[in-house]
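Q: Could you have a look at this structure, given as structure tokens, before my questions?
The values are calculated or read from the model by the stated rules, or taken from the named source; none is laboratory data. Values in this document were obtained by computation on a predicted structure and should not be read as measured data. Every residue, glycine as well, gets a Cβ built from its backbone with ideal geometry; the counts of neighbours run over all protein chains shown. Heads up: the accessible areas ignore ligands, DNA and RNA and are worked out on the full protein's heavy atoms, side chains in. Shrake-Rupley method; radii C 1.70, N 1.55, O 1.52, S 1.80 Å.
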Amino acid sequence: MSIRTEEPTAAVSTGSALDPGAPAQEAAPSSAAPAAALDNMLLHFEVQRLYHLEAQLLDQHRYADWLELLADDLHYWAPVRTNRLRRQQSLADGAPGEVAIFDETKASLAWRIRRFDSGMAWAEDPPSRTRHLITNVMVRPDDEPGQYVAESAFLCYRNRLEREVDIYAGCRTDVLRRGTDGGLLIARRTILLDQNVLLAKNISTFL
Amino acid sequence: MSALPRTPAAAADVSPLFDLGQGLIDRSIFSDETLYRQELRRVFAPSWLFLAHESQFNKPGDFFTTYMGEDPVIVTMGRDRRIRAFLNACRHRGMRVCRADAGATKAFTCSYHGWSYDTSGKLINVPNRDGYPDGFDQDKWGLTEVAQLDTYKGLIFATWNPEAPPLRQALGDMTWYMDAMLDRDPDGTEVVGGVHKWVLEGNWKLAAEQFASDWYHVNISHASALMVMSPSGKGPKAEIVQTPGRQYTDPNGHGAGFPTHPKSRFDDRVVHHYYDYEKLRERLGDTRVEGPMTTGHATVFPNFSYLPVNGSIRVWHPKGPDRMEVWAWTLVDKSMPDEVKNAQRLYNLRTFGPTGIFEQDDGENWSECQATAHGFMAGSMALNYQMGLGSETEDGTHPGTTGHLYSDGAARGFYARWRDLMNTPAWHEKDHEKDTP
Ligand code: FES
Ligand SMILES: [Fe+2]
């Protein structure tokens, strides 16, 4: 996972949120900087709104509605994090094809969600209370036109039955794409949970 | 073991906690702190315990760290390509000499004062060596090695107990059942990279016992999973819910259960199509293909369990009377094409990973059983292990003793073994009896 440092206020121009077809510009001339900064703000605002909506749907257990935010060719992946010697850090995040916490398509997520709707998913009956907090959102244009790479940090608090508490924290890297109606869809998500041994008996929500 | 002579801790007689002839077990075995300490000494220390899979070690220096009971261990391949296992504790002040989960190294160097050990456990460097007295024999201060290490068809087991019978003998007839998973492919098995690890607020025996013996819970606990997995989407047919099957119970505490209905086969479609069942029948025999290869569950006493069809192999690491850590690998046949291996990997993670549609409901059961065990009244209840009492026979088809699929037979066998070990001084206690007048 490459870490990009971006000056939050830098005039890095992205394709306009309002005009997704607009090509990304290199460092804008100073006179154009305010417009580019505004586009960037609008894009960040749009992505944040998507994430806030997503968090609300998950916290309200409206999983079928959540699925609507996902592209049909979705890959939803949460590799396992391991402790490695410093010189072998490149192996610290599980590779594709290894054991993972999630490694899903839209169809397999729908399959998991059908189970919740069966009325017999006892691990969530009575249901848990969750709160997804999404922050540190940074968006940049992807190489593919009309696509964006969005990084965010999440903290998901789960409270179950009387006093069970689990906290899932980590970061997500998404590829977002405009759907036919112009709205953003989540086409790819990589979730890095900041835990080695998962400090919970399961994950019964989505991150 | 290099230890100072120590008076063995007093041991409780656990016989009164069991009336296995009547199928009754006292619930304190799941919650009592003193029994838990005794269990580490008398059940875990003397038994063969699962460490890792051979395919995790391909070249000298490859290592993997795990636990035996609560003891941290390093498993590593030496320069002679032999796999050894050591206590992951520096002989100087006891710090873990390796804090990575896996990797490759030439030496394990303690980051406290710098004692360094090679991959055969030998102490090869001691900073300020001259400060030690003349009698300091560096060769005597290598990492503490397990007493015995052996493999069974790719699975690495070890024990601290020099007097333990050989692994093959300790597994006994259980190998016939294990081979339904381990011996489908003449080239053997391997594990997918990475290990699922998660915590569970429950005593390790809740899980070990269930994997030995409990098909009973499947239709209820996993009703939602069975529903989404059934071809109709409405749940399995009655003939599958009422499937016939057998449950194996072993004098060494192992257990396995499996349906014998040909349609009761919860395997992945891609994997199912890959297998040539005629060949498997030749290789493993009809009884095994129609039995333990359908689907099912098993525990190798004390804390190694597996699901032959999902490819999940796992250890229930004890972490106190109220807590375990689950470490689960994904097992595939070596000869499977990559896309079949991948299908098995995905199937396992979606069913029995920590987000799996089966695993979630199992975890909820175990943590709930544990949560109520500390109440005085709830904790004083005898629990019911009466199903299938007296149904065990030698049926002439399945090796050893088997009973009905829906039975507590293997749980009774598991606890009979646990009780006997708890009441038998382990080798480390006998040493003491010998050494001290
Ligand atoms: S504790 Fe390892 S060198 Fe001192
Ligand atoms: Fe189960």
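Q: If B:Ser335 satisfies all but one of (1) assigned to a loop (DSSP other than H, G, I, E, B); (2) open to solvent by less than 10 Å² (accessible area, probe 1.4 Å); (3) touching a residue at least 24 places away in the same chain (Cβ under 8 Å), what's the number of the condition it fails?
A: The failed condition is (2).
Q: Then there's this: Has segment B:81-103 got at least one residue that is touching an Asp or Glu at 6+ places or on another chain (Cβ under 8 Å), more than 14 Å from chain A (Cβ to nearest Cβ) and not aliphatic (A, V, I, L, M)?
A: yes
Q: Keeping to segment B:199-217, report how many residues are more than 20 Å from the chain's Cα centre (by Cα) and either at the interface with chain A (Cβ under 9 Å from one of its Cβ atoms) or buried (at least 23 other Cβ atoms within 10 Å of the Cβ) (or both).
A: The total comes to 0.
Q: Among the candidates B:Leu284, B:Leu331, which residue alone is at pLDDT 95 or above and within 18 Å of B:Phe358 (Cβ to Cβ)?
A: Matching residue, one of B:Leu284, B:Leu331: B:Leu331.
Q: Does any residue of segment B:262-271 turn out to be away from chain A (no Cβ under 14 Å), of a type in the set (S, T, N, Q) and surrounded by fewer than 21 Cβ atoms within 10 Å (Cβ to Cβ)?
A: no
Q: From the list B:Ala378, B:Ala371, pick out the single residue that is over 26 Å from B:Arg42 (Cβ atoms), open to solvent by 10 Å² or more (accessible area, probe 1.4 Å) and either within 11 Å of chain A (Cβ to nearest Cβ) or modelled with pLDDT of 95 or more (or both).
A: B:Ala371
Q: Here is a check on your reading of the model: is B:His196 within 16 Å of ligand 2 (Cβ to nearest atom), open to solvent by less than 40 Å² (accessible area, probe 1.4 Å), at pLDDT 95 or above and under 30 Å from B:Asp118 (Cα atoms)?
A: Here the answer is yes, as B:His196 does meet what is asked.
Q: Moving to a separate point now. Name the residues in segment A:64-92 that are open to solvent by less than 50 Å² (accessible area, probe 1.4 Å) and within 10 Å of chain B (Cβ to nearest Cβ), would you?
A: Answer for segment A:64-92, where residues must be open to solvent by less than 50 Å² (accessible area, probe 1.4 Å) and within 10 Å of chain B (Cβ to nearest Cβ): A:Ala78, A:Pro79, A:Val80, A:Thr82, A:Leu85, A:Gln88, A:Ala92.
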